[in-house]
1. Pairs only if they're at least six apart or on different chains, beta carbon under 9 angstrom, first in the range A:65-93 and polar (S, T, N, Q), second surrounded by 10 or more Cβ atoms within 10 Å (Cβ to Cβ) and assigned to a loop (DSSP other than H, G, I, E, B); list them, first residue then second.
2. With the checklist (1) in contact (Cβ under 8 Å) with a residue 40 or more places away in the chain; (2) more than 30 Å from residue E:204 (Cα to Cα); (3) touching a Leu at 6+ places or on another chain (Cβ under 8 Å) in hand, flag the one item residue F:61 doesn't pass.
3. Mind listing whichever residues of the range B:182-222 are surrounded by 17 or more Cβ atoms within 10 Å (Cβ to Cβ) and charged (D, E, K, R)?
4. Looking at the structure I just gave you, is residue D:15 closer than 30 Å to residue C:128 by Cα, of a type in the set (Val, Ile, Thr) and at pLDDT 90 or above?
5. Find the residue count for the range B:136-181, including only residues that are buried (at least 16 other Cβ atoms within 10 Å of the Cβ) and at positive phi.
6. Restricting to the range F:237-246, count the residues that are assigned to a loop (DSSP other than H, G, I, E, B) and in contact (Cβ under 8 Å) with a residue 12 or more places away in the chain.
7. Determine, yes or no, whether residue B:230 is within 19 Å of residue B:142 (Cα to Cα), in the same structural domain as residue B:158 (by TED's automatic domain parsing), without any contact (Cβ under 8 Å) to a residue 60 or more places away in the chain and not small (Gly, Ala, Ser).
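The values are calculated or read from the model by the stated rules, or taken from the named source; none is laboratory data. This one's a predicted model, so the numbers in the text were calculated from it and none came from an experiment. Cβ: placed from backbone, ideal geometry, glycine included. Neighbour counts: every protein chain shown.
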6 protein chains.
Amino acid sequence: MRFSVSVSGSTRGYILEVFAAHFQLPYLGPIGANGLANPRDFLCPVAWYEDKDVKGYQVVSKFQGHLFQAEQNHSPFDVVGWHGSYVPYKYNLALFMVVNAVQFDHCDPSIFTVLTCPSNRPGTAIADFVIFPPRWSVQENTFRPPYYHRNCMSEFMGLIFGNYEAKKEGFQPGGATLHSVMTPHGPDTQCFEEATNATLCPTRVADGTQAFMFESSLSLAVTKWGEETCQKLDKNYYKCWQGLKKHFNPKWQPDVL
Amino acid sequence: MRFSVSVSGSTRGYILEVFAAHFQLPYLGPIGANGLANPRDFLCPVAWYEDKDVKGYQVVSKFQGHLFQAEQNHSPFDVVGWHGSYVPYKYNLALFMVVNAVQFDHCDPSIFTVLTCPSNRPGTAIADFVIFPPRWSVQENTFRPPYYHRNCMSEFMGLIFGNYEAKKEGFQPGGATLHSVMTPHGPDTQCFEEATNATLCPTRVADGTQAFMFESSLSLAVTKWGEETCQKLDKNYYKCWQGLKKHFNPKWQPDVL
Amino acid sequence: MRFSVSVSGSTRGYILEVFAAHFQLPYLGPIGANGLANPRDFLCPVAWYEDKDVKGYQVVSKFQGHLFQAEQNHSPFDVVGWHGSYVPYKYNLALFMVVNAVQFDHCDPSIFTVLTCPSNRPGTAIADFVIFPPRWSVQENTFRPPYYHRNCMSEFMGLIFGNYEAKKEGFQPGGATLHSVMTPHGPDTQCFEEATNATLCPTRVADGTQAFMFESSLSLAVTKWGEETCQKLDKNYYKCWQGLKKHFNPKWQPDVL
Amino acid sequence: MRFSVSVSGSTRGYILEVFAAHFQLPYLGPIGANGLANPRDFLCPVAWYEDKDVKGYQVVSKFQGHLFQAEQNHSPFDVVGWHGSYVPYKYNLALFMVVNAVQFDHCDPSIFTVLTCPSNRPGTAIADFVIFPPRWSVQENTFRPPYYHRNCMSEFMGLIFGNYEAKKEGFQPGGATLHSVMTPHGPDTQCFEEATNATLCPTRVADGTQAFMFESSLSLAVTKWGEETCQKLDKNYYKCWQGLKKHFNPKWQPDVL
Amino acid sequence: MRFSVSVSGSTRGYILEVFAAHFQLPYLGPIGANGLANPRDFLCPVAWYEDKDVKGYQVVSKFQGHLFQAEQNHSPFDVVGWHGSYVPYKYNLALFMVVNAVQFDHCDPSIFTVLTCPSNRPGTAIADFVIFPPRWSVQENTFRPPYYHRNCMSEFMGLIFGNYEAKKEGFQPGGATLHSVMTPHGPDTQCFEEATNATLCPTRVADGTQAFMFESSLSLAVTKWGEETCQKLDKNYYKCWQGLKKHFNPKWQPDVL
Amino acid sequence: MRFSVSVSGSTRGYILEVFAAHFQLPYLGPIGANGLANPRDFLCPVAWYEDKDVKGYQVVSKFQGHLFQAEQNHSPFDVVGWHGSYVPYKYNLALFMVVNAVQFDHCDPSIFTVLTCPSNRPGTAIADFVIFPPRWSVQENTFRPPYYHRNCMSEFMGLIFGNYEAKKEGFQPGGATLHSVMTPHGPDTQCFEEATNATLCPTRVADGTQAFMFESSLSLAVTKWGEETCQKLDKNYYKCWQGLKKHFNPKWQPDVL
């Protein structure tokens, strides 16, 4: 697939490339025939061409993990017509029909899956694309932020704009966190204290933000650029959990129902 | 399976018998590994026996749609121990972890599936057991009651206690409605008018009620007892929709976004 | 689905109604990603409505094998918009991309499958819709007409216009033949004699005709109207095979290769 | 599996070794129960042995990509009898029952699949063995040679004897071409010009030749021997497309039908 | 399929006709690639014909549950050659490679499955053909005869020759028992008493007998001929269990291990 | 999963770590609903915690094939409660319900599968855990020890206590043998001679021993420690087959049956 990207000013973005399969809408299960990302909201281009002779048009291709460059004397954007279903598409995340718990308990974050690229093993994804969209939060008797967990997926989170609900400081738009397979993690100390003591009435969550997650059953390697060259690594990240205190009381009993 | 039912006073209940397969938890899809009815909340009995000689103990069996009766001289409740997974179970509907839309749109009612008895054709159920549990309703820009629809399933609804949200009058606990395959239906006139004009803030729905649905891809026949003998048929049911008015305006335009 | 049919003059047609599943394009196997009926050639309507008050508009519905009739005071054609993929469609049979043997042997007629309605048993169809389109016939060392066979499918053939290649007389447009499950059949005597003795050069077949087949793994019942009332049954059909002679010679040997 | 190869004179051949699975006949889809390579035409040996003491019989084995050599004092060909279905087999390519388009359009080359070795991902092959057999070509209003394309498979083509239809010069028996995954390719200039201007009547194709393709969803690495040592690399291969001219005319309109 | 049966003297046999699918070898699971009925032991005929003109040759066919009779003037046994895999076959039950428990416990009778005709629901058979072959019985600390059970299959048992192990009297060769779906059954009183008190050393079982079972997930109807006309119904069958005594002792404890 | 291992004295054991999937019970096929390792015999712990502050508690973790060590100031054994099905478990091998041939022939060793970790390719395991339990051996007209074979699995055998039946000397408890994919192997000379000449009456096998096999469709690499450092490699292993003699007689005929 040939594409060009035109930007103005300094620009950052996130790219996820998957191998072996394609992204598809998740099978919705009891959510039914409608919900989450609806097929009708994905937009794809019509055929388009420019019949243009260009001296030294450079095309950069990726093949087997390497970049190759070739020159040609005409534009590669010459699609006069096409049939089939492999097309570039775009999707407005604001159209995501959000589903979540409306009585008690915290849903698995898979409830926010926009697209999934399934692996050969049923139930395991090469990658899921998950968002944390603006929504009502109404669960009662529940710890509402993401729970503390370790799991069998790599979680790469990014933030497009706004503040992420579980870590209000130090996680900027254009930034990213990576929690590798089986690495335990959860909200920072401040978030834990606030959520534990909050009165749980209906509240809007994530208005004005756009956080997302690339989640994979594979481990993600970080490039040397990412670990060193860019000098953006937050070496104090672990400290956000240092203030958490032990609350365990072996003598605690539930109230009589 | 042998069972006896002990009741005190006049008592009504609902029974659903399925053939060809068993009820199972639905595959949750993006809801994840937890949610809706959780496996840990189903309770089953331990082995139990009564070592009792009883003269003329009558056992009524159902075989091929007919009832047979036999006498024996001891109690049939003689299970000293067992292995396996075919057991009677009970489930407290209040433990259903309710999931629903928390931004906009009305979810398919399958979102409330407690148990499903799948047919041989993937995606089609011999019967689903669905409930309408107490929950928060927060959807914005949405018609919140069940939408008007016709579908490929028979819908048998019942009410255990309280008032059903989409038909507040004329649908009593112990009663039932049946909307057959491809029969169009939806809320009554009063419910439509109220829901259309309501201000959509977070609201509790169905508190103090317990409505449910048996939904099947097969047509359900009504017995002569149900249609005539019992003299309980509501012959004016169709009138609940008579007051609905045409609201269509071909010149209507959405507001500019 | 509501529809009305407008015809002018005396008109005949064929209708096939399937239960339990829907028609779909067959999985093409080695034919690849393109071929036979291509998805892009199926046309479906856009949303359409008539906002019309009509006194005594009669709608006839079919439910559980019976016809019901109701009156309403407006047109049922009120689809202002819709989402989803269950729509009426039409397909121009002339766009069928015909595939067949191009060296020797006679392909199974499934090679002409336009649409299939699969049953629950893989490889077995509730019904296939098959056509015999205009095409080149080039097989060498082969008996080119349909071979003599009995099979596990009911074959209902019809002719829209022209002459059917394997029975040039007595099979008129608007007519039909039915060969039930496991009933042996094949070309008539004249067709056999001609095909056996013909020189096999490339020939156009079925130009100017449009024959088709409804093929089902179920047995088809013929109505009393079809067997008697219509007085169109061809009681001499079996005679078309009476002239076939025994050609078996136990002493025959293939030529030395 | 032990085997020995006896040749006389200078000899070349093609070998394809697959891992993880075995070759099997493709599922035929609408082609039906018969066609392409038929099971009955695969020949396998009967049990055979030589009860022979041989001093220093050398057996070369391949294990984990390496060759090992051992000596033993008897012949390894000692199969006195066997049960099972893993056997060497041979197949006469002339018995391939060729299927192709007989009205218009160019079929996907998968239509010529002899054997496929499926991967774990449905629809994706570790390798397909495809041939381009002698056949009638009758498609009308169609560019008959292989179309210009790039695809998700590696295409390794070889020629056993004769001239390949899409590249009459420079592609000799015993030679091979490799078009890697996603590399665009198609007929040479001469083939394009001839096919574009030819009158499309029924024509025999590929008589007296035997070209084939090993097609894989994996990338094929070329050994140093293949790239350099053998000195057989055709460094001017790309020039066969240099003569292709732009034929695009944005003002072109189809004739009125 | 055409067949004729030639018998001499008074003859009885068992016939099982299945619909919707064919008999096949069961998937062996941990038994592995070999065992139970091995594919190599099924024998099928070679092509055979009689080129015979016969006046008034009567052929009786079964179609849709009815018998039809036709006359023709030649033998129907005219198979000069054939390709494919739908053939009549025979299998010598003595070649069944018997597998069973060799340490403790009683295996499910499915361990003796010769052929199964699967239904559309995985794990459920239209019919299984099961035998009780001559074998060693060595289980220790186990009740060795068939255990008392009720199950979701109809069990039709027959005896070809010898004495059936679990009911030595009253079950003659050529006879049959039918235990319908969910009907409890098990060995007769004598068998129970002997097996409970026997010393469990290695013993030959079923030598000189040939019992079998047709087991189906469907209910089997008995014809009027079978219930009345033949006058062979054993009205005292139930008495074989009358002598069974209660052995339950609520105070029983296992010996200390 | 956090665990600690406490041993007393010098101790050896076997560990098998699988990737990509989990161990599960094999699908039993005709063995039925019960047999081999029964679900009820797997034991798992209840939740357990120690609420203990420990200075410098060292936790060693394995991640991506490397070991990492961290210090913390409290015990990691703090499971106060849990839900779900991923738990450590133990199984008493003496409870394995052994199934085997009880008339003739030698079953595939898969008949002894305790647990299997399936790969993505149906029928192929990442690893099987197989045991050779105490049992009766009763096959007649059969070579009872493991047969000579080469197969597509790596076989890693170990011995927990006692003597292995097919190699009585030189295979000690705590030792192991590895027969790689496609490496031919079988009993040693002594075992062959004894088994060939033995009278085949019912015999107890493997009493007082506990041998097992890790079997994998993947090749197993041996570490440098295993090949050299430990100095435990049996360089004379191959000699156990040197004494095997040729018994083939081309003129041998089976006795007339």
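1. So the pair list comes out as A:75/A:50; A:75/A:51; A:75/A:52.
2. In the conditions (1) in contact (Cβ under 8 Å) with a residue 40 or more places away in the chain; (2) more than 30 Å from residue E:204 (Cα to Cα); (3) touching a Leu at 6+ places or on another chain (Cβ under 8 Å), residue F:61 misses (1) alone.
3. Within the range B:182-222, B:188, B:215 qualify.
4. No; evaluated as a whole, the condition is false for this residue.
5. Going through the range B:136-181 one residue at a time, the tally reaches 0.
6. 3
7. no
Let's see how each residue does on (1) within 26 Å of residue C:79 (Cα to Cα); (2) free of Cβ contacts under 8 Å to residues at least 24 places away in the same chain; (3) not in a loop (DSSP other than H, G, I, E, B):
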position	(1), (2), (3)
B:152	yes, no, no
B:159	no, no, yes
B:181	yes, no, no
B:207	no, no, no
B:214	no, no, yes
B:218	no, no, no
B:248	yes, yes, no
